[in-house]
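Report on the following structure.
Please treat every number below as a calculation from the coordinates, not as lab data. Bear in mind the structure is a predicted one, so any value in this text is a computation, not a measurement. Every residue, glycine among them, receives a Cβ derived from its backbone with ideal geometry; neighbour counts consider all protein chains shown.
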């Protein structure tokens, strides 16, 4: 049995799923929307301006507040746009399905019966990658100290 070939076949099947197609269509809509891309670029510019201003020794609090208010307004405009809302909702659904699939595979790799195993519902909280660097979630790294 060639596991790599099976994974490639399964990947092709995945790309035919409703959740995959819904998410990628919504993402393409956002990616091709000039106004949304301009808003995202403007948000990135605000973020960079904020970092630059905040790290200055003589940072002007009024300028920082102005940048933050501009960033908040851009964010509100983007995240209330139906196209972005749909992309985020479809992306969340697709990610939940992928977490379930990954959990079943992980359980099988640990000896669980893949036909019946269901990963714990909290397994997707934070999407533990096994690398605790930068994580403050489960506390398992504390055991090694």
>> Can you compute the FRET efficiency between residue 101 and residue 76 using 1/(1 + (r/R0)^6), with r the Cβ-Cβ distance and R0 = 35 Å? Round to the nearest 0.05.
In response: 0.55
> Taking the mean number of other Cβ atoms within 10 Å as a proxy for protection, how do you rank 1-13, 57-69 from highest to lowest?
Replying inline: 57-69, 1-13
> Any idea how far apart residue 37 and residue 68 come out in nm if each label point goes 7 Å out from Cα toward Cβ?
Replying inline: 3.2
> So for the pair residue 116, residue 92, with labels modelled 7 Å out along Cα→Cβ, what separation do we get in nm?
Replying inline: 3.4
